[in-house]
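In what follows, a structure is listed as structure tokens, so that the remarks can point back to it.
The values are calculated or read from the model by the stated rules, or taken from the named source; none is laboratory data. What you see is a predicted model; the values in this text were computed from it and never measured. All Cβ positions, glycine included, derive from the backbone under ideal geometry; neighbour counts span all protein chains shown. All accessible areas refer to the heavy atoms of the entire protein, side chains included, with ligands and DNA or RNA removed. Shrake-Rupley method; radii C 1.70, N 1.55, O 1.52, S 1.80 Å.
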Amino acid sequence: MNKISKTLVAVMLSSTAAFSSAESLWQDIEQAQFKSSQNAKEMEGLNVNASKGRILGTDIELLTAILQSDDKVINVAIPLPDGSTVEYELVDSPVFAEELGLKYPSIRTLKGTEVGNPQNHGRFDITPHGFHGMIEHNGETIFIDPEQRENDRRYVSYYKKDALPVRPRCSSAQ
């Protein structure tokens, strides 16, 4: 990322409008009633299968820049399945050895709490495969994951209770 982009992200994050700017990271695509599919072709590449959830689009480059910033504390909007958005305060929280972190700088793991309600907390990561979040919010587990394995611009926010099995990729060995 060039110096101007990093400066722009830093200014955006430090401004009082940081949350409303971050909120625009997530755009509702449709409120979905998912269908559990038994069709292998429809399931191919599927990363999330849920009985219902909130489908969202994001500017993955901007989200990555925000989450990969050098800031000690990062405030970001987290979309909930019910259509609302909450602000989380995230801090770096590596889950593997420092040597691996240096080898794979495009992977960052964070932990965070909801601003104003620290009992709501979660874990987050940004990788070359997109953004992932898992939070405990008002007693329920919520996931935010890419809908498809090869698409880091379309996400699903869904409750754990609505998750359905996803068939693993099958090799065509015959």
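Brief remarks follow.
Conditions (1) charged (D, E, K, R); (2) surrounded by 14 or more Cβ atoms within 10 Å (Cβ to Cβ); (3) touching a His at 6+ places or on another chain (Cβ under 6 Å); (4) modelled with pLDDT of 95 or more, marked per residue:
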| residue | (1), (2), (3), (4) |
| --- | --- |
| T16 | no, no, no, no |
| I29 | no, yes, no, no |
| K41 | yes, no, no, no |
| N49 | no, yes, no, no |
| N75 | no, yes, no, yes |
| P79 | no, yes, no, yes |
| T85 | no, yes, no, yes |
| L90 | no, yes, no, yes |
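- Test: residue in the range 152-162 that is of a type in the set (S, T, N, Q), open to solvent by 40 Å² or more (accessible area, probe 1.4 Å), part of a strand (DSSP E or B) and touching a residue at least 12 places away in the same chain (Cβ under 8 Å): no
- Options G122, G83, G133: the member that is in a loop (DSSP other than H, G, I, E, B) and within 27 Å of G45 (Cβ to Cβ): G83
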